[in-house]
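The structure appears below as structure tokens.
The values are calculated or read from the model by the stated rules, or taken from the named source; none is laboratory data. Values in this document were obtained by computation on a predicted structure and should not be read as measured data. Every residue, glycine as well, gets a Cβ built from its backbone with ideal geometry; the counts of neighbours run over all protein chains shown. The area values use the complete protein model at the heavy-atom level, side chains included, leaving out ligands, DNA and RNA. Shrake-Rupley method; radii C 1.70, N 1.55, O 1.52, S 1.80 Å.
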Amino acid sequence: MSLDWILALAGFAFVMSISPGPANFLLLTSGANFGVLRSLPLLFGVSLGFLSMVFAVGLGVGELIKQYPVIDSLLRLLCGGYVLWLAYKIWNAKSLGAKGEDTLDRPLSFFQASMLQLVNPKAWTVALLVTVTYLSADRQVSNLLALVAIFALVNIPSISVWAISGAALRRNLSKGDRLLWFNRAMALLLIASIAPMLVRF
């Protein structure tokens with residue numbers, strides 16, 4: 001591993017981690033509704049789920065998906081359905097922390113967040129890109145582990161920005177119906193973030 005390789009990978013990891021996507025919109029929404037501490041399981045689940053995907057793709061899962069397009073179609077279908085359900089729940093919630101028929105009374109759990117990444121089109125795209133671009137041709141496990149470790153060091157602080165930003169908005173959003181309209185805006189952004197994937201069907 002050269003310094004140039006580490007810096008290039010860290011830069012790629014930062015841009016890909018902090019850019020908008022389904023998981024980051026959920027972190028922003030969770031931070032605004034529940035605060036940073038209650039959103040930590042979601043945050044670490046998002047990160048671990050993604051890093052597990054990178055590791056699996058590095059071991060050859062990416063080639064399997066290329067050989068069997070039906071797997072890609074199934075993942076996109078699952079992602080679309082799950083994210084649309086989440087968007088529906090967020091749209092109808094005046095406060096995600098309030099009890100009610102159409103509300104989420106707690107943030108997504110660590111397990112739910114990890115599983116979400118498995119049907120997250122942005123996560124799959126980034127996992128494929130990073131392994132193709134930065135993994136050596138011999139694909140040694142040590143090289144793959146180093147890649148995952150460096151990505152983790154950048155990914156966790158980067159996605160934390162979204163949860164922290166949401167939490168910073170809590171005081172302003174507590175007035176009137178601001179939280180309701182914030183949640184509805186987040187629901188629309190969540191749908192928009194998967195729209196390119198949905199129109200491929």
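Taking into account only those residues within the stretch 1-14 that are open to solvent by 10 Å² or more (accessible area, probe 1.4 Å) and in contact with a Ser or Thr (Cβ under 9 Å, 6 or more places away or on another chain), which is nearest to residue 184 (Cα to Cα)?
Step one: list which residues in the stretch 1-14 are open to solvent by 10 Å² or more (accessible area, probe 1.4 Å), which gives 1-8, 10-12, 14.
Now drop any that are not in contact with a Ser or Thr (Cβ under 9 Å, 6 or more places away or on another chain), which leaves 8, 12, 14.
Details: 8: 37, 12: 31, 14: 28 Å.
Across the stretch 1-14, the extreme among qualifying residues is 14.
Counting only residues that are modelled with pLDDT of 75 or more and of a type in the set (D, E, K, R), give me the helices (runs of 4 or more DSSP H) lying completely in the stretch 34-139 with at least 1 of them.
Working: elements: 36-56, 62-67, 69-91, 110-118, 121-134.
Correct list: 36-56, 69-91, 121-134.
Do we have residue 44 as in contact (Cβ under 8 Å) with a residue 24 or more places away in the chain, open to solvent by 50 Å² or more (accessible area, probe 1.4 Å) and hydrophobic (A, V, I, L, M, F, W, C) here?
Numbers: in contact (Cβ under 8 Å) with a residue 24 or more places away in the chain: yes; open to solvent by 50 Å² or more (accessible area, probe 1.4 Å): yes; hydrophobic (A, V, I, L, M, F, W, C): yes.
Taking the combined requirement at face value, the residue satisfies it.
Listed here are the residues, each with its yes/no results for (1) β-branched (Val, Ile, Thr); (2) open to solvent by less than 60 Å² (accessible area, probe 1.4 Å).
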site	(1), (2)
26	no, yes
30	no, yes
40	no, yes
58	no, yes
61	yes, yes
70	yes, no
73	no, yes
